[in-house]
Amino acid sequence: MTQSVDHVALLPVYLAAGTAVLVLLTDLILARRAAVLAVAALGALATAAGAIGVGLGDDRRTFCVPDACSFVANDRSALVATLFALLTLGVIGLSATTRDVPPGEYAFLLACSMTGGVALGSAGDLITLIVALETLTLPLYVLVGLRRRTVESAEGAVTFFVVSVVATAVTLLGAALLYAVSGRLHFATLATGLPDLPLTGAAVVLVLAGLAFKVAAVPFHAWAPAAYDGAPVPIAAYLSTASKLGGVVAILYAVVDALRPALDLAGPALAVLAVLTMTVGNLVALRQTRMVRLLAWSSVAQAGYILAPLGAFMLAEGRTDEALSVAVAATVAYTVFYVLLELAAFGSVVALRPGRTAG
């Protein structure tokens, strides 16, 4: 079957990916730090504008099968893409005084990560979601390790990489088990029902566990303090916000959209994750004496607050679509404000300690 591709739906992804190419060319031709960062900033603005333009129109779908699509451009995807683009723009602003990382590679990796975030918002099936999430995450390993002369940077990058690989394998195993029991991967078809089998419960728990890593929820949080502490402060700012935002979007799409028939299984797991994360994150944060490590553990605690509305809804009796909408709205609102305030907090660290990139 010949399948047409809606290139308008893919426009924000094209703009984000094009930004990654342009910053490398700018670095090659001009070799000026200011020019590279300016091109990256303009690319992020263009990506945000493209996402808003596509989102304001009718819903657009591509890569479709008869009953579902793998890529959906709508107002929800436009919000996610715009958030990632503006987040990237903010981090570029924080990077103006960062001198110990190569600007071309730095801006290229930021743009690649932004591309994954933009694609994540339009994911319509589990495989597209996982690939987009990994496209968002993979450049972060290198960004954390860009300060090649410091032991902390290398340790943070290796810790982040190893734990992330395990988490991705767990998520893929969960997706494979879901496909084994249902023969489906698209959110629209998974939401119509899942077999009442023990294997279904195992699949749901595995998917949740893998995605919990992205938001640094306890007990999948061990990578966060080491990675934040080892990275330059602007990269730590991006890591603490972009990874969290990507994880929340993935959980909302996978659990609320795709796995809604399995809410009885997902609810207790999310509630336990939320309580553990809030408690451990806040208690350990009280013992920190370094600013970036304090923000890292605070970020862990915030993941618990983000997951709390969903966990509370899923444990409640008599769940309704209206109550679900309220829980999702609370989660999204808290996440947006968290991203803004976390970026402001790291910006304060940069402003108070100009020229110093370590935490």
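The values are calculated or read from the model by the stated rules, or taken from the named source; none is laboratory data. Bear in mind the structure is a predicted one, so any value in this text is a computation, not a measurement. All Cβ positions, glycine included, derive from the backbone under ideal geometry; neighbour counts span all protein chains shown.
Could we say that residue 337 is within 20 Å of residue 217 (Cα to Cα), of a type in the set (Phe, Trp, Tyr) and at pLDDT below 90 here?
no
Filter the stretch 116-163 for residues that are of a type in the set (Val, Ile, Thr) and under 15 Å from residue 241 (Cα atoms) and give the result.
118, 137, 144
Considering each of 189, 200, 168 in turn, give the residue that is among the hydroxyl-bearing types (Ser, Thr, Tyr) and without any contact (Cβ under 8 Å) to a residue 60 or more places away in the chain.
Selected residue: 168, the only one of 189, 200, 168 that is among the hydroxyl-bearing types (Ser, Thr, Tyr) and without any contact (Cβ under 8 Å) to a residue 60 or more places away in the chain.
Quick one: residue 35 ticks every box in (1) touching a residue at least 12 places away in the same chain (Cβ under 8 Å); (2) surrounded by 15 or more Cβ atoms within 10 Å (Cβ to Cβ); (3) farther than 24 Å from residue 185 by Cα except a single one, so which number is it?
It is condition (1) that residue 35 fails.
Please work out which residue is surrounded by the fewest Cβ atoms within 10 Å (Cβ to Cβ), limiting yourself to the stretch 206-228 and to residues that are of a type outside the set (Gly, Ala, Ser) and either in a loop (DSSP other than H, G, I, E, B) or out of contact with any helix residue (DSSP H, G or I) (no Cβ under 6 Å at 6 or more places or on another chain) (or both).
The selected residue is 219.
So that you can scan it fast, the table gives a plain yes or no per residue for (1) under 21 Å from the mean Cα position of the chain (by Cα); (2) over 15 Å from residue 224 (Cβ atoms):
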| site | (1), (2) |
| --- | --- |
| 271 | yes, yes |
| 277 | yes, no |
| 281 | yes, no |
| 289 | no, yes |
| 296 | yes, no |
| 302 | yes, no |
| 309 | yes, yes |
| 319 | no, yes |
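Please go through the stretch 299-329 and pick out each residue that is among the small types (Gly, Ala, Ser) and either in contact (Cβ under 8 Å) with a residue 40 or more places away in the chain or farther than 19 Å from residue 216 by Cα (or both).
299, 303, 304, 311, 312, 316, 318, 323, 325, 327, 329, listed by residue number.
Counting just the residues of the stretch 92-122 that are among the aliphatic types (A, V, I, L, M) and farther than 18 Å from residue 17 by Cβ, which one comes out surrounded by the fewest Cβ atoms within 10 Å (Cβ to Cβ)?
96
Residue by residue through the stretch 153-165, note down the ones that are out of contact with any Gly (no Cβ under 9 Å at 6 or more places or on another chain) and either surrounded by fewer than 18 Cβ atoms within 10 Å (Cβ to Cβ) or under 19 Å from residue 120 (Cβ atoms) (or both).
Listed by number, the residues that qualify are 162, 164, 165.
Can you find a residue that is polar (S, T, N, Q) and surrounded by fewer than 24 Cβ atoms within 10 Å (Cβ to Cβ) anywhere in the stretch 229-241?
no
Exactly one condition in (1) over 15 Å from the mean Cα position of the chain (by Cα); (2) without any contact (Cβ under 8 Å) to a residue 60 or more places away in the chain; (3) within 23 Å of residue 23 (Cβ to Cβ) is false for residue 138; which is it?
(1)
Quick one: which residue in 75, 59, 67 is closer than 18 Å to residue 257 by Cβ, surrounded by fewer than 17 Cβ atoms within 10 Å (Cβ to Cβ) and touching a strand residue (DSSP E or B) at 6+ places or on another chain (Cβ under 7 Å)?
59
Residues being buried (at least 21 other Cβ atoms within 10 Å of the Cβ) and not aromatic (Phe, Trp, Tyr): count how many of those fall in the stretch 310-326.
Selection size over the stretch 310-326: 3.
Looking at the structure I just gave you, is residue 248 buried (at least 19 other Cβ atoms within 10 Å of the Cβ), at pLDDT 85 or above, in a helix (DSSP H, G or I) and within 16 Å of the chain's Cα centre (by Cα)?
Yes.
Exactly one of (1) touching a Pro at 6+ places or on another chain (Cβ under 9 Å); (2) under 20 Å from residue 229 (Cβ atoms); (3) of a type in the set (Val, Ile, Thr); (4) crowded, with 19+ Cβ neighbours inside 10 Å is unmet by residue 137. Its number?
Here residue 137 clears every test but (1).
Restrict the check to the stretch 13-27 and report whether at least one residue is crowded, with 16+ Cβ neighbours inside 10 Å, among the aliphatic types (A, V, I, L, M), over 19 Å from residue 139 (Cβ atoms) and touching a helix residue (DSSP H, G or I) at 6+ places or on another chain (Cβ under 6 Å).
There is no residue in the stretch 13-27 that is crowded, with 16+ Cβ neighbours inside 10 Å, among the aliphatic types (A, V, I, L, M), over 19 Å from residue 139 (Cβ atoms) and touching a helix residue (DSSP H, G or I) at 6+ places or on another chain (Cβ under 6 Å).
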